[in-house]
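Throughout, read-outs are computed from the coordinates displayed, never taken from laboratory work. Since the structure is predicted, the reported quantities are computational estimates derived from the model, not experimental observations. Cβ sites come from the backbone with ideal geometry, for glycine too, and all protein chains shown count toward neighbours.
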Amino acid sequence: MEARAVARYVRMSPRKVRLVVDQIRGASVNDAYALLQFSPKAAAEPVSKTLRSAVANAQYRAEEEGEFVDADEMIVREAYVNEGPTMRRFRAAAMGRAAPLRKRTSHITVVVETKE
């Protein structure tokens, strides 16, 4: 059983989110939960939310097919971050100039599957 979850337009730089996502890729779901719970990175929260959504999607799909899937028997098969649209803003700078600010967004994708 395979399921995915996508969190789009997360207001965080993809570079920062990739640091967290790289840690959980290939891990069992329980290990990934533990890593994310105790990670000091702010990106751990949206990644954790996306992982929980992927596990819930897998359990829902299994239930529809009349099967049972336990979260203990699942692994994070894929986890990646794509760049979303960048919001461009300007900040006042010296001598009447404007300095650009780029507020980056991310699209987080997590795919989980059962161990075989």
Simple spin-label estimate for A27 and A94 in nanometres, 7 Å along Cα-Cβ: 4.5
Sequence-separation-based contact order of the chain, relative, with Cα cut under 8 Å and 6+ spacing, percent: 42
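Once R0 is set to 35 Å, what does the formula 1/(1 + (r/R0)^6) return for the Cβ-Cβ distance between T86 and E2, expressed as a FRET efficiency to the nearest 0.05?
It comes to 0.65.
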Matching label, Cα extents along the principal axes in Å computed from the structure shown, candidates (i) 80, 60, 23; (ii) 48, 29, 18; (iii) 67, 27, 16: (iii)
D70-F38 pseudo-label distance in nm [points 7 Å out on the Cα-to-Cβ vector]: 2.3
For peptides 95-106, 37-48, sequence by mean Cβ density within 10 Å, most packed first: 37-48, 95-106
